[in-house]
Amino acid sequence: MAGNRWLRYHLPRLPFARRAVLRFMPGEDPEAALRAGRDFKKDGIGVVFTRLGENITRLDEADEVAEHYLGMIDRISAEGLDGEISVKLTQLGLDLDVDRTAAHVARLAAKANTFGKTVWIDMEGGAYTEKTIAVYERVKARNPNTGVCLQAYLRRTGDDVRRLLPLDPSIRLVKGAYAEPEAIAFQSKDDVDANFVALAISMLDAIGVGRKMRIALGTHDVALIAQIAKYVETLGLPKTAFEVQMLYGIRSDEQRRLAGEGFAVRDLVCYGAAWYPWYMRRLAERPANVLFALRQLLP
Ligand SMILES: Cc1cc2nc3c(=O)[nH]c(=O)nc-3n(C[C@H](O)[C@H](O)[C@H](O)COP(=O)(O)OP(=O)(O)OC[C@H]3O[C@@H](n4cnc5c(N)ncnc54)[C@H](O)[C@@H]3O)c2cc1C
């Protein structure tokens, strides 16, 4: 459904769908996102902001997205928020002009650097994995304050971690949100979870032997987080050797609990009108969310 063009146009116009999506985002405008950021600050939770949108078809759209994020970085900083941004490369023109896309990310990183902040790059579907990592390598060489998301369901990710380690990378490890074929991705939850833990351990081991890198675990799977936290203890590293990143509206109680226990926690807050494909991926992750959406049909 995430790729259906008819639904992509019509569903976001339906009031019940607009109500339902508020389960996962505080609102469409940046003000709502910044307000959420202020609330998280009270609980000692940082924020990553993302304006939803992907696969733009004209380069001027990419330029507008970059301009928007430049302004957003200023606003995050002016509000004194512990906030970063995360961008999708296909929203910055990856399908149209790779050089210009890399230049946009570099410009955002240079701006964020003036405030000591990081710019994250989301990882999209399998057709973009190699291109995204290549752009990250290019940008990272001149902009240390950049990070990239890697997906544990991909068979190649262990190699990608080894490839990036010499760059002292910032890596946000997630399980992966797209429907990928067996040839490139583990299909069972057990296999994905096992690879997630193995990848997290390999990155922590790198820190253990003195490698400088930032590790973010982008997951709501608190059992996996607990398992990895135990491993951190055995290495004699502090709890903050990794940070936890979760999505707005999902396991909020666990976000607060982990922050209260001294873990570094960030909430990824999405905003923007182009939420349809992203929202479909959130529904697909958990059937109970579909029931929640349907309940919004009731008066
Ligand atoms: C900060 C962050 C950034 C991300 N960035 C990317 C990215 O760039 N590229 C990408 O492919 N994916 C990204 N993802 C999505 C990720 O790949 C997973 O699809 C998503 O996090 C669900 O997997 P999980 O790790 O939470 O584990 P799961 O095993 O799916 O879930 C563990 C538990 O978390 C809860 N949960 C999980 N998802 C939901 C949900 N939608 N609604 C309600 N409860 C839920 C449930 O209680 C579930 O039992 C990101 C996720 C986060 C948290």
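Quick notes on this structure:
- Residue pairs, from the table Lys111/Lys230; Lys42/Lys230; Lys131/Lys230; Lys117/Lys230; Lys88/Lys111; Lys41/Lys230, whose Cα atoms sit over 25 Å apart: Lys111/Lys230; Lys42/Lys230; Lys131/Lys230; Lys117/Lys230; Lys41/Lys230
- Under 17 Å from Lys140, Cα to Cα: aspartates and glutamates that are on another chain or at least 8 residues apart: Glu84, Asp99, Asp122, Glu130, Asp160, Asp168
- Rounded to the nearest angstrom and listed largest first, the equivalent-ellipsoid semi-axes of region 98-240 from its Cα gyration tensor are 24, 20, 12.
- Surface share of carbon and sulfur [accessible, 1.4 angstrom probe, percent] for the chain: 55
- Among 181-191, 205-215, the peptide with the highest mean count of other Cβ atoms within 10 Å heads the list, and the full ranking is 205-215, 181-191.
- Percentage relative contact order, the chain, counting C-alpha pairs under 8 Å, at least six apart: 25
- Accessible area per residue for region 233-287 is 43 Å², calculated with a 1.4 Å probe on protein heavy atoms, without ligands, DNA or RNA.
- At a probe radius of 1.4 angstrom, the accessible area of region 6-98 per residue rounds to 44 square angstrom.
- Cα-based Rg / Dmax (Å) for the chain: 18.4, 58
- Gyration tensor (alpha-carbon) shape descriptor, region 164-299, a/c threshold 1.5: prolate
- Packing around the peptides 264-270, 97-103, 74-80, taken as the average count of other Cβ atoms within 10 Å per residue, puts them in this order, highest first: 264-270, 97-103, 74-80.
- Other residues within the sphere of radius under 10 Å centred on the Cβ of Glu243, judged by their own Cβ, net out at +4 (K and R +1, D and E -1).
- Alpha-carbon centroid distance for the pair region 214-281 / region 66-123, whole angstrom: 21
The values are calculated or read from the model by the stated rules, or taken from the named source; none is laboratory data. The structure displayed is predicted, hence computed values, not measured ones. Cβ coordinates were reconstructed from backbone atoms using ideal geometry, including for glycine residues, and neighbour counts include every protein chain displayed. The accessibility values were calculated without ligands, DNA or RNA, using every heavy atom of the protein model including side chains. Shrake-Rupley method; radii C 1.70, N 1.55, O 1.52, S 1.80 Å.
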